1. Scan the range 35-75 for residues that are at pLDDT 90 or above and not in a loop (DSSP other than H, G, I, E, B) and report the count.
2. For the range 79-98, name all the residues that are assigned to a loop (DSSP other than H, G, I, E, B) and either at pLDDT 85 or above or touching a strand residue (DSSP E or B) at 6+ places or on another chain (Cβ under 9 Å) (or both).
């Protein structure tokens, strides 16, 4: 049984109502975006980002986690590690010192 009239001087505004949490409406993608992979192939998809072009340097075609057969000798990972990232930048900066 619920009381229609509250005995509190503040009314029923301080009492929490048990309502199911509501989710906001989903954001509908409305911008076309062209994605260019590292091997030159491209595809277009709809997104919420206003950027119209994205160039990928690392994707499923050249990632060693996706293509384990290409990197099976571990030499390619070392060569890439020496040319990219912080260690590659350090090596390029101080290569003349020996």
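1. 11
2. Just the residues of the range 79-98 that are assigned to a loop (DSSP other than H, G, I, E, B), to begin with: 84, 94, 98.
Result: 94, single match.
Here is a yes/no grid of residues against (1) modelled with pLDDT under 90; (2) in contact with a strand residue (DSSP E or B) (Cβ under 9 Å, 6 or more places away or on another chain):
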{"position": "9", "(1), (2)": "yes, no"}
{"position": "20", "(1), (2)": "yes, no"}
{"position": "23", "(1), (2)": "no, no"}
{"position": "27", "(1), (2)": "yes, no"}
{"position": "33", "(1), (2)": "no, yes"}
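The values are calculated or read from the model by the stated rules, or taken from the named source; none is laboratory data. None of the values given here were measured: they were computed from a predicted structure. Cβ: placed from backbone, ideal geometry, glycine included. Neighbour counts: every protein chain shown.
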